[in-house]
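Asker: My questions all concern the structure below.
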Amino acid sequence: MADSNGYYDLDLKRVMVLDNYEEMSKAAAEIVINTIKNKERTVLGMATGSTPLGLYGNLVQGYKQGKVDFSNTVSFNLDEYVGLDSGHSQSYNYYMRENLFSLVNIEHDHVNIPHGFSENSDKDCNEDCINYETKIQQSGGIDLQILGIGNNGHIGFNEPGTSFDSITRKVKLADETIKANARFFDDESDVPKYAISMGIKSIMRARKIILLASGIEKAHAIEKTVKGSITNMVPASILQLHPEVIYIVDKDAGKNL
Ligand code: F6R
């Protein structure tokens, strides 16, 4: 049974199982908006992919209705593909501009997205990655991190097997991630094989985290994340050790909880 705030209490984990994608997106937007409203300056960690699109739509609507002001918000994206320039329609830079940043009043220089298309991006852990991590710390750290989850339990592009000590670096995408993301490209062979991703440690440093999941194909990953043992073969399972995480899922993704 959900309590009066809509939370299911699974061994003290905060899980919201909502009817559908729209409800999931609205609940997440409410948390983001309240976080921004209650702080003079907010540092947000952003995710891309299909899951947060509804959340971003609600944030844009909230902004247009005067419910939220992004002028004192700083953002850091979780990840970016290596090899796609910021104008490429599948780059996460482009995605964020199209779906959020160009539609609200966030300052251009408050936006941070890993560089996937620089002369450094062929190196494994390059200067850009270290600078990105340093910039997060210098900005005061992430107040609220938004996460989606891969079918294989990845968060950011931290694939199964990733060290829990990882920070921002270049990563190789798992075959299942390339397959899952092929839907955004003309052909599976066009999906980049590498990305720059914040690490598990970078994510766990956020003060608060919301993880969103929608659809039956996420049910297994959500079950293992929330109720399974903590293992780097299910990277999201480390969130069980975070003091302030809320899992917001729709009925399908929460089917096994
Ligand atoms: C994207 C990201 C990924 C996605 C995950 C789910 O920035 O970090 O972890 O959140 O792959 O993607 P969707 O939402 O497309 O199912």
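Asker: Would you mind finding the one in Ala206, Ala174, Ala213 that is within 17 Å of the chain's Cα centre (by Cα) and within 13 Å of the ligand (Cβ to nearest atom)?
Answerer: Only one candidate passes the filter, namely Ala213.
Asker: Going through region 167-177 one residue at a time, which ones are open to solvent by 10 Å² or more (accessible area, probe 1.4 Å) and part of a loop (DSSP other than H, G, I, E, B)?
Answerer: Ile167, Ala174
Asker: Quick check: anything in region 22-32 over 13 Å from the mean Cα position of the chain (by Cα), within 28 Å of Thr177 (Cβ to Cβ) and within 15 Å of the ligand (Cβ to nearest atom)?
Answerer: Among the residues of region 22-32, at least one is over 13 Å from the mean Cα position of the chain (by Cα), within 28 Å of Thr177 (Cβ to Cβ) and within 15 Å of the ligand (Cβ to nearest atom), which makes the answer yes.
Asker: Further question on the same structure: Which of the residues belonging to region 38-54 are surrounded by fewer than 19 Cβ atoms within 10 Å (Cβ to Cβ) and away from the ligand (no atom under 16 Å from the Cβ)?
Answerer: Asn38, Lys39, Glu40, Arg41
Asker: Out of region 1-37, which residues are part of a loop (DSSP other than H, G, I, E, B), open to solvent by 90 Å² or more (accessible area, probe 1.4 Å) and modelled with pLDDT under 95?
Answerer: Passing the criteria: Met1, Ser4, Asn5, Asp11, Leu12.
Asker: Look through Ile142, Ile113, Ile167 and report the one residue that is touching a helix residue (DSSP H, G or I) at 6+ places or on another chain (Cβ under 7 Å), in contact (Cβ under 8 Å) with a residue 24 or more places away in the chain, within 13 Å of the ligand (Cβ to nearest atom) and among the hydrophobic types (A, V, I, L, M, F, W, C).
Answerer: After applying the criteria, what remains is Ile113.
Asker: Oh, and also: Taking only region 178-207 into account, find how many residues are charged (D, E, K, R) and assigned to a loop (DSSP other than H, G, I, E, B).
Answerer: Summing the residues that are charged (D, E, K, R) and assigned to a loop (DSSP other than H, G, I, E, B) in region 178-207 gives 5.
Asker: Being of a type outside the set (Val, Ile, Thr) and within 30 Å of Arg169 (Cβ to Cβ) is the filter; apply it to region 55-77 and report the residue that is most open to solvent (accessible area, probe 1.4 Å).
Answerer: Only one residue tops the list, namely Asn72.
The values are calculated or read from the model by the stated rules, or taken from the named source; none is laboratory data. These numbers come from a predicted model, not from an experiment. All Cβ positions, glycine included, derive from the backbone under ideal geometry; neighbour counts span all protein chains shown. We work out accessible area using only protein heavy atoms, side chains counted, and drop any ligands, DNA or RNA first. Shrake-Rupley method; radii C 1.70, N 1.55, O 1.52, S 1.80 Å.
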